[in-house]
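This report refers to the structure that appears directly beneath it.
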Amino acid sequence: MKHNFRNPETAVIHAGQEPDALYGGVSVPIYQSSTFAFHSAEHGAALFAGEEKGFIYTRIGNPTTKALEDCVAALEGGCGALGTASGMAAVTTIYTAFLEKGAHVVSTASVYGPSRTVLEKEYGRFGVEADFVDTSDLGAIKKALRPTTKLLFIETPANPTMMLTDLRACAELAKESGILLAVDNTFASPILQNPLDLGADIVFHSLTKFLNGHSDVIGGIIVAREENVYARLRKVLTLMGGTMDPHQAWLVLRGIKTLALRVEKAQDNAAKLALDLERHPKVAWVRYPGLPSHPQHALSKSQMRGPGALISFGLKGGLDAGRRMINAVRLCTLAVSLGGIESLIQHPASMTHAGVTPEERDKAGITDDLIRLSVGCEAYDDLRADLEQALEKA
Ligand code: LCS
């Protein structure tokens, strides 16, 4: 890389994306090849021994995927990144790399449903233990730590409660306790929050969301602060096979170039809509880090560069009114996922977090009336009009 790209608006366009060495193509080519020819037997042996740099086989590495990895590593300020087949492949790569029989994880209670379910139901079968606590309360994290705890796994802002976790405090605690801190940065995107700068060891994203931004790709990426952590993750990912495909990587490279612009516009819309919702007579509550009413508004200002584009809210008429509202939207799309150019609305208790038991959802603050709105880049007036007409029918 020519530059140390710490200005995100520049990094999304240039980091890792040098013109192609062969023909000068300005857009990174799609190296749609599963395998790469060696110049000689000695060259092949040197690549396998790690004595020379180069590509061997796409499960182990690919030039198009590497361009995306270098871009996101620059955005997050890490030593290296690893593209994965999905956000969940990033999650399971982290779990597999650092957990074993008897190991314990402390995680955010309202973490994305499958990040929790896979730990409880699948890793549990192999003797991994986990506690899910309200990580917005540092005391609750401290209380949950055990001598066997290996990993502190945080999602902030959390899906879908929009509660925050103090990353600086967690990094300090993880360091003191000799454990790793991994942060799901999907909701904020690297434009708004850089956990490695605040002391985390690992940051990851579902690329499916803001980084790709166009609701047409599934993907994930992991970034490590230090080489030894990166090397361990890389070993596990390439062995387990959850690698990103080069065509998938190219689509994300295409989307990521406008990440800063999209986040700015979506956040601007979200900040206005959160206020509109808060003032609306049919709305019971709104949780958005940019509102002074958010219990961690001050923390959002100290660890994020902006409050983002996701809003959670509940209606005075509860679940039934919420159902009527999400059935009545016309411009917003009733669909799961988030971080796309288009506004999406969904009901977590019956959709993204349906796999979490009602008792656990209750403890995590995922109330039955909670509606999650992922604000897109449409004109604010059109979004406001759509929400208003849908609220009238609620
Ligand atoms: N982390 C977070 C915070 C997520 O929101 C998701 C997906 C993942 C990880 C997993 O990423 P994937 O494998 O889907 O790329 N969240 C979704 C959601 O809230 N609605 O649909 C998917």
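The values are calculated or read from the model by the stated rules, or taken from the named source; none is laboratory data. Remember, predicted model here, so these are calculated numbers, not experimental data. Methodologically, a virtual Cβ is constructed for each residue, glycine included, from the backbone with ideal geometry; neighbour enumeration extends over all protein chains shown.
From the list 46, 97, exactly one residue is without any contact (Cβ under 8 Å) to a residue 12 or more places away in the chain, in a helix (DSSP H, G or I) and not basic (Lys, Arg). Which is it?
46
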Taking the condition of being more than 22 Å from residue 289 (Cβ to Cβ) and among the hydroxyl-bearing types (Ser, Thr, Tyr), how many residues in the range 334-382 meet it? 2
For residue 337, are the conditions met, namely being surrounded by 22 or more Cβ atoms within 10 Å (Cβ to Cβ), within 16 Å of the ligand (Cβ to nearest atom), at pLDDT 95 or above and of a type in the set (S, T, N, Q)? no
Among the numbered criteria (1) away from the ligand (no atom under 16 Å from the Cβ); (2) touching a residue at least 40 places away in the same chain (Cβ under 8 Å), which single criterion is violated by residue 57? (2)
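Yes or no, residue by residue, for (1) assigned by TED's automatic domain parsing to the domain that holds residue 62; (2) part of a helix (DSSP H, G or I):
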residue	(1), (2)
222	yes, no
229	yes, yes
232	yes, yes
235	yes, yes
264	no, yes
321	no, yes
Taking the range 237-258 and keeping residues within 16 Å of the ligand (Cβ to nearest atom), of a type in the set (A, V, I, L, M, F, W, C) and outside any loop (DSSP other than H, G, I, E, B) leaves 237, 240, 249, 251, 252, 256
If you check residue 102 against the conditions, is it without any contact (Cβ under 8 Å) to a residue 12 or more places away in the chain and either surrounded by fewer than 23 Cβ atoms within 10 Å (Cβ to Cβ) or assigned to a loop (DSSP other than H, G, I, E, B) (or both)? no
Listed residues 220, 113, 213; which is at pLDDT below 95, within 16 Å of the ligand (Cβ to nearest atom) and small (Gly, Ala, Ser)? 113
Residue 277 outside any strand (DSSP E or B), of a type in the set (A, V, I, L, M, F, W, C) and either away from the ligand (no atom under 16 Å from the Cβ) or in contact with a His (Cβ under 7 Å, 6 or more places away or on another chain) (or both): yes
Residue check: is residue 366 farther than 25 Å from residue 216 by Cβ, out of contact with any Cys (no Cβ under 9 Å at 6 or more places or on another chain) and among the aliphatic types (A, V, I, L, M)? yes
